[in-house]
Amino acid sequence: MSSVIRGLGYVVVDSADLDAWESFATDIFGMAVSERTDDLLRLRIDDKCYRIEIRKADTDGVNTIGWEVAGAAQLEEVAARLEALGYAVKREDPKIAYAERLVSGLIAFDDPDGTRVEVFWGFKEDKSVFVSPTGARFVTGSGGMGHIFQLVTDDKAFEKLYFDGLGFKFSDYIDFGPVAATFTHCNPRHHSMAFAAVPGVPAGLGHIMLEVDDIDVVGRAYHKVFEEKKAPLAMTLGRHSNDDMISFYTRTPSGFQIEFGTGGLLIDDSEWLPPRFDVPSFWGHVRVNPAEADVLDT
Ligand SMILES: [Fe+2]
């Protein structure tokens, strides 16, 4: 059984350095460039025209998160649910939605921390076959492009938004001392959205997770980061407790992190009983810089 939201569709990132992003995304992770201008870099990982869009800006960070629904009726259903919760929802002109995002319909609102969230349907596919420069095969499809982990100021407000507004389901909690991170799903992927309110840590997107189907693709990417130092390693290779993902974390040119992994758990809602964990990982995932408190991850 799926939620009205079907998966993470795209992420839009602001960055001052598109060249750094291009080599980071293609050389380490095997994403493919689908569009590149002086002001724009679009990255493919599957049949969709892009999944990550980097826009030239003076600041660095995630600008927009895009969630996919099945059609116009579901888009309006989400809009009504959000408005019932008090969110100001902008219904975008379909022509603008297609011109700017390559989608057929789109609504937008700001989450409780002010991050722009879009909900859309009808995502344009690229007529050419996706060819990864590293031979990576990304796990997307019914699980969406991956998951995100967001540091928030009020986790109860985000539970209200994601459960009541967007129809996500609870996956489980991981306790990090006094802080419980909440993991939620909207398709079989164990979580598409996770969040935690950590005192003293500013709100913002912690990481985006991309999954591939081969541990050797993860290992070769890890070698480029760990051995060849092509990007800053944030957490070493490890296996997460709740979604079983074997992954590592590296810092993007925009400051937030990418988790790159394989073997993520799938949830069957008809038999799922949420567990609870007091560790994020069974082994590994050692934080390279212990002072970084922004990586309560899985
Ligand atoms: Fe993660």
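Take every pair of alpha-carbon atoms less than 8 Å apart whose residues are at least six positions apart; their mean separation over the length of segment 90-149 yields a relative contact order of 21 percent. Applied to segment 116-121, the Karplus parametrisation 6.51 cos²θ - 1.76 cosθ + 1.60 on θ = phi - 60° returns per-residue 3J(HN,Hα) values of 6, 10, 10, 10, 9, 9 Hz, with x for Gly and Pro. The three principal axes of the C-alpha atoms in the chain carry coordinate ranges of 49, 45, 37 Å, sorted with the longest axis first. The relative contact order of segment 114-211, computed from alpha carbon pairs under 8 Å that lie at least 6 residues apart in sequence, is 35 percent.
May I ask you to derive the relative contact order of the chain, considering only C-alpha pairs under 8 Å and at least 6 residues apart, and to give it as an integer percent?
Working: 727 pairs, mean separation 55.0, N = 298.
It rounds to 18 percent for the chain.
Highest average first, the peptides 100-112, 272-284 ordered by how many other beta carbon atoms sit within 10 Å of their residues are 100-112, 272-284. Rounded to whole numbers, the Karplus 3J(HN,Hα) couplings from phi for segment 108-115 are 9, 7, 9, 6, x, 9, x, 6 Hz, using 6.51 cos²θ - 1.76 cosθ + 1.60 with θ = phi - 60°, and x at Gly and Pro. Each peptide in 249-256, 83-90 receives the mean, over its residues, of other Cβ atoms within 10 Å, and ordering these scores from highest gives 249-256, 83-90. Could you tell me which of Val131, Pro178, Leu265 has its Cα farthest along the dipole of the chain towards the positive end, charges placed at Cβ (Lys, Arg +1; Asp, Glu -1), taken about the Cα centre? Towards the positive end, the residue furthest out is Val131.
Could you point to the residue in Leu82, Val62, Thr26 farthest towards the positive end of segment 7-123's charge dipole, with +1 and -1 charges on the Cβ of Lys/Arg and Asp/Glu respectively? Highest projection toward the positive end goes to Leu82.
If you place +1 on the Cβ of every Lys and Arg and -1 on the Cβ of every Asp and Glu, how big does the dipole about the Cα centre of segment 7-123 come out, in debye to the nearest 20?
On the way: 13 positive and 24 negative charges, 76 e Å.
It works out to roughly 360 debye.
Each Lys and Arg adds +1 at its Cβ and each Asp and Glu adds -1 at its Cβ; summed about the Cα centre, segment 141-284 shows a dipole of about 520 debye. Sorted into 10 angstrom bins from 0, the C-alpha pair distances of segment 7-123 split as 14, 43, 32, 11, 1 percent. State the answer as a single residue: which of His207, His190, Gly165 lies farthest towards the positive end of the charge dipole of segment 141-284, with beta carbon charges of +1 for Lys and Arg and -1 for Asp and Glu, about the Cα centre. Value computed over the given set: His207.
A Cβ-based charge dipole, computed about the Cα centre of the chain with Lys and Arg at +1 and Asp and Glu at -1, lands at about 300 debye.
How big is the antiparallel share of DSSP beta bridges in the chain, given as a percent to the nearest 5? Write out the running numbers ahead of the final one.
Numbers: 56 of 78 bridges.
Here the share of antiparallel DSSP bridges comes out near 70 percent.
Throughout, read-outs are computed from the coordinates displayed, never taken from laboratory work. All figures in this text were calculated on a predicted structure; none of them were measured in a lab. Because the Cβ atoms are built from the backbone with ideal geometry, glycine has one as well, and the counts that use them run over all protein chains shown.
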